Every structure is written in structure tokens, then in C-alpha cells.
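Okay, so here's the structure we're looking at.
Read-outs: derived from the displayed coordinates by stated rules, not from any lab. It should be emphasised that the depicted structure is a prediction, and the values quoted were computed from it without experimental measurement. With ideal geometry, Cβ positions are generated from the backbone for all residues, glycine too; neighbour counts draw on all protein chains shown.
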């Protein structure tokens, strides 16, 4: 068994391996150009890839599967797992080897922190260091897009209710409580970075009879039509925000954490295949907000499968042939 000092050095070395160029790897000299994934880079390796169940997560999982195949690895597809906690447990138990996680989710949900770090790079560095030291989970370079939670409403409702900022929800609940109807997905109801934490930060409470629990994809249409709810929980990288002409409330109370995604894996997986760090650096740096919103929209609005969207994008960028 390693002494405490040697264990600290080993963890530091692994963190450096995983996160060199952590700011998405933008612009560094001497890195492989897109399309330089060697077909035998991971030959003889096998990996099980997971994801959570919503569109963006499955797209990221399918990107990962396609890249690993292109590098010669054998892969098993376990994308589409139900919820953050289930997916994380699948990783730590060895059921899956890797999946994309968000910095804010890990900071609040797995590391039990209550105060987000507003700087993107510092939030990533804090999560990566803690998760590796405490849980043996390595984080590769993060992507530049920030898929934070937000609350949105239809344009007509936004004008009628006079809502543009999160801080204005208190006024709505006091003055027009019957209009404070809210649609959310199941996970948002229990997370500290979801409804409970938001209510605490605002000092308000939505009447639970006016909170509807729906599948994530249904929320956008309900908010657009003002059917079951005027307000809905959304992800800011979802193409259905623009397609449905929704108004996203400004987070003027700075409540929601940063949610930059990175491919995460158990430390022993990365030790066994250190090539993963460099292979996925170029993938991460290309996933900006506009790109992710477009990829999500191709699934949710155009009807393509996540696998088709992932492979089309990788070919478009020259990562695979």
C-alpha cells in the first residue's frame, strides 16, 4: 500500500494527466489535428460507455462510442441510463467505464458543496481535484459549452407577467400566485441546484399543487402553449428554446452553477489507457454552445437518431472518416 505522501503524488500525477489543457484545450501548439485519431491507438482495449437519458447526454455518449471504435477499441453501449445518481453509481461500481458529467452537477450532487464557483476553469479544477482524490474519478478536458439549468416561459406569458429575471419570481408568487405554475422534470424536484435550492435562494415556495412533474421533452411544448404551466425548467443548450420562441429568465441572483461537461472515468481506466486524454481533448474543445444546441436540435426537432447526429458531426469535423 502506498504511503500517504506517495498516494498524494500519484493522485497529483493522474490529475495532471487527465486535465492538462483543462480550459477545453483551445489553441495549444503541437496537438494532433482533427482527423488524426489513429485507427490502432486503442486496439486491444474494451470500454463500456454510459450516459444519462436526455438527448444531449446520449449524443455525447454516441460521440464517445464512435471515437473509441475509430481508435480500434471494442465498445459496449450503455447510454440512456435513468438519472444522474444512477449513472454515477454505474461508473463507480464498474458497470460502465466512462460517461460525460457536468462540473456543477458533480460539485453539488456528488461532492456535497453548496456554493458554486463562478469561474469556469476554477470550478472544473476544484471538481477534478476533489473527485479524483476523494472518489478515484478522473476528469478529462472540459468542453466550452455550459449546459446550465434555467427557467423559461412563452413570449406572450413573459410579457403578460412582466418576467425577465429570476429575482422577479418572488413578486409573481406574492401578487399573482395562481399564475405561478411550473413544469419540471423529476430530478429538478430534489436537487440542491434545482427547485429546493432555488426556493431557498429566493425565499419563496411554489405551491406544490401548481408544480407539474413531466418528462424533460414535454416541458418545452407545455411552456410554449401555456398549458399546464407558465414556467418550465429547461437546459440552455436545448434547441427547442429557440424553436418554441421561449424567453429564458436571466439568472440575476447567480444561483445556477457552471455545468461544463467532461468525460469522466475511474482512475484505473485512464491509467490503463492514457491515450484517452489526448484523443478526447480535441473532441471537447470543439463542443461549444452553438454546436451542442445544433446537435440537440437535429435529434429533437429533425428526428435523427443520436448515433446519426454524433457520427455526422465527427465526420464534418474530420475526426472520423
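Sequence-distant contacts, meaning Cα pairs under 8 Å at least 6 residues apart, place the relative contact order of the chain at 28 percent. Considering only alpha-carbon pairs that sit under 8 angstrom and 6 or more positions apart, the relative contact order computed for the stretch 149-248 is 44 percent. Descending by average beta-carbon neighbour count within 10 Å, the peptides 185-193, 131-139 line up as 131-139, 185-193, the highest first. Size of the stretch 117-206 from its Cα atoms: along the principal axes, largest to smallest, the extents are 48, 24, 21 Å. Distance between the 7 Å Cα→Cβ label points at residue 167 and residue 189: 3.1 nm.
Built from the Cα atoms of the stretch 214-305, the convex hull projects on average onto 8.4 nm², one quarter of its surface area.
From helices alone, the chain scores -12500 deg cm²/dmol at 222 nm; the rule is -39500 (n - 2.57) for each run of n ≥ 4 DSSP H residues, then divide by the residue total. Take every Cα pair under 8 Å whose residues are at least 6 apart in sequence, average their separation, divide by the length of the stretch 63-196, and the relative contact order is 15 percent. On the principal axes of its alpha carbon atoms, the stretch 149-248 extends 32, 29, 22 Å, with the longest extent given first.
Note on residue 92 and residue 315: the extension gain reaches 77.1 nm, defined as 0.36 nm multiplied by sequence separation minus the Cα-Cα distance. Size descriptors for the chain, from the alpha-carbon set: Rg then Dmax equal 20.3, 65 Å.
A straight line joining the Cα centroids of the stretch 191-244 and the stretch 71-137 runs 24 Å. Distance between the 7 Å Cα→Cβ label points at residue 302 and residue 121: 3.4 nm.
Modelled label positions at residue 76 and residue 112, each set 7 Å beyond Cα in the direction of Cβ, lie 3.2 nm from each other.
The fraction of Cα-Cα pairs per 10 angstrom bin, counted from 0 for the stretch 36-114, comes to 20, 45, 27, 8, 0 percent, rounded to whole percents.
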